[in-house]
Structure formats: structure tokens, C-alpha cells
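This report concerns only the one structure given below.
What follows is calculated from the coordinates using simple rules that are stated; it is not laboratory data. The model shown is predicted, which means the values in this text are computed figures rather than measured ones. All Cβ positions, even for glycine, are placed from backbone atoms using ideal geometry, and neighbour counts span all protein chains on display.
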Amino acid sequence: MLDVPLTPTGPDLAAVERLATADASIKGMWCVPRYSNPTGTVYGAEVVRGLAALKAAAPDFRLFWDDAYRLHHLTDRRNPVADVLAACAGAGHPDRAIVFASTSKVTFAGAGLAALASSAANVAWWQKHVTARSIGPDKLNQLRHVRFLKDRAHVEALMDRPRALLKPKFDLVEQQFSTLLDGVDGVSWTHPEGGYFIDLVTPAGCARKTVDLAKRIGITLTPAGASFPYGKDPRDQHIRIAPTFPSRDELEIAARGVALSLKLSIGC
């Protein structure tokens, strides 16, 4: 796996082009177009069109379009993403994108329904292979989902409920980080409008030390650089903050502890 810099509007197209046009062994790219993990980045229309039109060295280059957070908004904004299937078809690469999503983060993790969208040729390929995987799906579970989720409007209304629970937690982390880390040289963090994560950026070489210091006072974080291929952040700068699970009281203490651990790691 190869990492590509992420800009505020999606992957760095110049970097993607350098890699994909030079090496035919690079067969595809994994994309989380809306509220990308861990930054919360939403792909802009220009990025979507650029990926669709990319002249890749591999003739079967694919975009694995993981729409995991389509419904996971933290604000009233829906942050639409350009239709990648239409963009690929228009660019002469109708088979390039495979779009998939599930209700894993809507109903039950690992026990919901999944969906796949692509060109007719890709869907036929998928159906040929999936028929050999299982005698049949869990039809009772499918029926439960159809009856419960009803239609798009109902699903969007349901997803306003977790937003009401999660937005105050993200705000609480923002408050603690702003209080303790504003103005600290080399420190920044993302302000996502959806998804589950905040990306805390440290000065180079400080992320692992910050995670270790936090662990010593009882705060467990995902490993520094966890969102990078093989978990290797070349500059040791990124810590993924997941504020969804703890109670607000626990989260306030934890966010403060992380911020102080970061300041200690850089000698503030």
C-alpha cells in the first residue's frame, strides 16, 4: 500500500497521477469520499473528476469507493459528493469505480445490509462471484431492515439521533484542544462536519510520544499513525481521536489529558 497526501478537498491528484501513470502494478485506489477517516475530508468535484479521468498505466485500474459515512453528519450540511460513476462514464472509464456501503454504522455492526453500485459489467462480475459464496443471505434480517428503514427520508431522520449524541462530544474535544493547544507551534486538528474522527496533528516526531504519555495516565488511544498504510506515519505526526464512545465526563478528562500529554511531549 502506498500513501498519498490528503488535501482539504481530497487526495493530492498530482501525487496520485505520478504513482498510477508510472506503474502498471498499481491496480487501484481506496477512497473514502465523504468524511474520510481520520480527517473528515469531503472530496471536491474537481478531485472526483480528476480521479475519473486519470490515465492510469494499468488498464484495469479501479477506484474502490467506500461510502461508509454517507449518512453520518455532524451538522445540518449534507456535504454532497459528485457522482463518481457518472464522472467515470463521462471520462471514458465506465468500469473504473466500484461504490459500496452498508448499514454497519446505521443498524448493527457486521450484521446489516450492504450495497454495491458500478457499471453493468462490474455488477455482472460481482454477481458471478458472490453466488458461490453462500447458499443464500439472511432473508429475515433483510426483511427487518426493509421494514425498519422504510425509505431514504426515514433513514436520514433516524441518523439525526446519533448526531444529537455525537456533536456535543466533538464540541467538547474542540473546546479542550482550543483552550490548551491554540497557538502551540506545529499543532493543529481537523474540524469535521461528519464521520467519527478528529485528526490531531503534532510537530514531527511527537505523535508516538504523546500516545505513550497519555497511556501512562490511563488514556488509551489508537496507535500513532494508525490510519497510514501499515501504521507507519513517516513524520510521526498524526493521532486519530475517536470521541464517540466515552461519556462526556470521561471525554472531557481524556481530551484534556491528551492535550497536556502533547504539550509535555514537545516541551511546552
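A few points about this structure:
- Applying the criteria of a DSSP loop state and at most 15 other Cβ atoms within 10 Å to the trypsin sites (Lys or Arg not before Pro) of the stretch 55-113 yields Lys55, Arg77, Arg78.
- Cα pair distances in the stretch 94-248, grouped into 10 Å bins until the bin that holds the longest one, percent each: 8, 26, 27, 23, 14, 2
- Too-long pairs where the Cα-Cα distance tops 29 Å, listed order kept, from Lys27/Lys139; Lys27/Lys167; Lys232/Lys263; Lys27/Lys150; Lys105/Lys232; Lys105/Lys209: Lys27/Lys139; Lys27/Lys167; Lys27/Lys150; Lys105/Lys209
- Mean separation of Cα contacts under 8 Å (6+ apart) over length of the chain, as relative contact order %: 18
- Among Thr41, Thr75, Thr21, sorting on how many other beta-carbon atoms sit within 10 Å of each Cβ, with the fewest leading, yields Thr75, Thr21, Thr41.
- Taking Cβ atoms as reference points and 15 Å as the exclusive limit, the residues near His93 contribute a net charge of +1, counting Lys and Arg as +1 and Asp and Glu as -1.
- A Förster radius of 25 Å, combined with the Cβ-Cβ distance separating Asn141 from Phe245, puts the computed FRET efficiency at roughly 0.50.
- Kirkwood-based shape ratio for the stretch 164-265, expressed as Rg/Rh from alpha carbons: 0.93
- Measuring r between the beta carbons of Asp60 and Ala226 and using R0 = 35 Å, the FRET efficiency lands at 0.70.
- Classification of the chain by its C-alpha gyration tensor yields an oblate form. The axis ratio a/c (a ≥ b ≥ c) is 1.5 or more, and b/c is at least a/b.
- Listing Trp189, Trp126 from fewest to most neighbouring C-beta atoms within 10 Å gives Trp126, Trp189.
- FRET efficiency for the Ala82 to Ala22 pair, using the beta carbon distance and R₀ = 22 Å, is estimated at 0.25.
- Set of aspartates and glutamates near Lys55 by C-alpha distance (under 17 Å), chain-local residues within fewer than 8 positions excluded: Asp12, Glu17, Asp23, Glu46, Asp95
- Gap separating the Cα centres of the stretch 144-206 and the stretch 63-131, nearest whole Å: 22
- Principal-axis tilt of helix 207-216 within the chain, Cα atoms, nearest 10 degrees: 60
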